[in-house]
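Below is one structure, written out as structure tokens; comments come after it.
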């Protein structure tokens, strides 16, 4: 059976590769992302997972216990992709010598701090070298594990502990880095952006495609954090849906340099429908801050039109 011929029912019933009982927060997007990505593996395949220091790492692996069913390596913040590169090289050497008969896939997970910032150099190097691996960024838009400090993924005017709102600050003054486009500029075989909407079909398709694409692949998954974004645990899916419908987080993929827009809202919602769901943007709704919201909306509109041009959707 071809890997893309599995039914959604069969996929949903596959055994969990991230065991329940870990210590991640209720309503956290990162473990939802991990479970969905790992479920995209064919049942007969094994994986080696490398994880950068992060909430995901400290909450799923405390020696000698682990929530991971596949081989797992904890790396430092800055070298998750480099570690995976070394594992892939060792695997290929053993395969060539006939010392390994099993099929393994190589998947790296990192938060935005370990991906956009501290780990970017090793990520860029692994992608440029053509390492046959998948790097998955679960993007929760701040350094959540160490105290909710701003990162280059943190969006404009978000309230964090190092871009705190007050009499002299409206939140983070810089725009969010467009890492997905930066990875596409590496001219690797597969790059995609996704999140949790509907029946997870978009996320599954992209995870499956990334894992079974020969060569390097990058997957950027919006993964909200209830502590840092300040939302009720049950609102996770609503926030992700609002991000897509407002075009804050468009769904697209880049295959061998060709951009494809996977979803275009029938009625694009104003960004306020996304911002109002999160406490980190509460200050934007105070009287006198209308211009701040307008600046965010203008940036989203501009980037959305640029994406449509790239994807030939105009």
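The values are calculated or read from the model by the stated rules, or taken from the named source; none is laboratory data. All of these numbers come straight from a predicted model, not from anything done at the bench. Cβ placement follows ideal geometry from the backbone for every residue including glycine, while neighbour counts extend to all protein chains displayed.
Does region 120-133 include one or more residues that are farther than 22 Å from residue 105 by Cα, crowded, with 19+ Cβ neighbours inside 10 Å and out of contact with any strand residue (DSSP E or B) (no Cβ under 6 Å at 6 or more places or on another chain)? Among the residues of region 120-133, not one is farther than 22 Å from residue 105 by Cα, crowded, with 19+ Cβ neighbours inside 10 Å and out of contact with any strand residue (DSSP E or B) (no Cβ under 6 Å at 6 or more places or on another chain), which makes the answer no. Out of 217, 185, one residue alone is surrounded by 17 or more Cβ atoms within 10 Å (Cβ to Cβ) and modelled with pLDDT of 95 or more. It is 217. The residue of region 268-283 that is farthest from residue 298 (Cα to Cα), among those that are surrounded by fewer than 23 Cβ atoms within 10 Å (Cβ to Cβ) and either touching a strand residue (DSSP E or B) at 6+ places or on another chain (Cβ under 9 Å) or touching a residue at least 40 places away in the same chain (Cβ under 8 Å) (or both), is 279. The listed residues are 44, 16, 78, and the only one of them that is touching a residue at least 12 places away in the same chain (Cβ under 8 Å) and over 21 Å from the mean Cα position of the chain (by Cα) turns out to be 44. Within region 92-108, the set of residues being crowded, with 20+ Cβ neighbours inside 10 Å and out of contact with any strand residue (DSSP E or B) (no Cβ under 8 Å at 6 or more places or on another chain) is empty. When residue 163 is tested against (1) touching a helix residue (DSSP H, G or I) at 6+ places or on another chain (Cβ under 8 Å); (2) crowded, with 19+ Cβ neighbours inside 10 Å; (3) farther than 25 Å from residue 207 by Cα, exactly one condition is not met: (1). Here residue 185 clears all of (1) under 24 Å from residue 235 (Cβ atoms); (2) out of contact with any helix residue (DSSP H, G or I) (no Cβ under 7 Å at 6 or more places or on another chain) except the condition numbered (1).
Suppose the filter is without any contact (Cβ under 8 Å) to a residue 60 or more places away in the chain and under 24 Å from residue 59 (Cα atoms); does residue 166 pass it? When the stated conditions are applied, residue 166 does not pass them.
Would you please name the residue that is surrounded by the fewest Cβ atoms within 10 Å (Cβ to Cβ), looking only at residues in region 284-314 that are in contact with a strand residue (DSSP E or B) (Cβ under 8 Å, 6 or more places away or on another chain) and at pLDDT 95 or above? The qualifying residue surrounded by the fewest Cβ atoms within 10 Å (Cβ to Cβ) is 312. Would you check if residue 181 is touching a residue at least 24 places away in the same chain (Cβ under 8 Å) and within 15 Å of the chain's Cα centre (by Cα)? Here the answer is no, as residue 181 does not meet what is asked.
Residue-wise test of (1) in contact with a strand residue (DSSP E or B) (Cβ under 7 Å, 6 or more places away or on another chain); (2) surrounded by fewer than 17 Cβ atoms within 10 Å (Cβ to Cβ); (3) closer than 21 Å to residue 220 by Cα.
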| site | (1), (2), (3) |
| --- | --- |
| 149 | yes, yes, yes |
| 155 | no, no, yes |
| 173 | no, yes, no |
| 194 | yes, no, yes |
| 204 | no, no, yes |
| 207 | yes, no, yes |
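Note on region 62-91: among residues that are in a loop (DSSP other than H, G, I, E, B) and out of contact with any strand residue (DSSP E or B) (no Cβ under 8 Å at 6 or more places or on another chain), the one that is modelled with the lowest pLDDT is 63.
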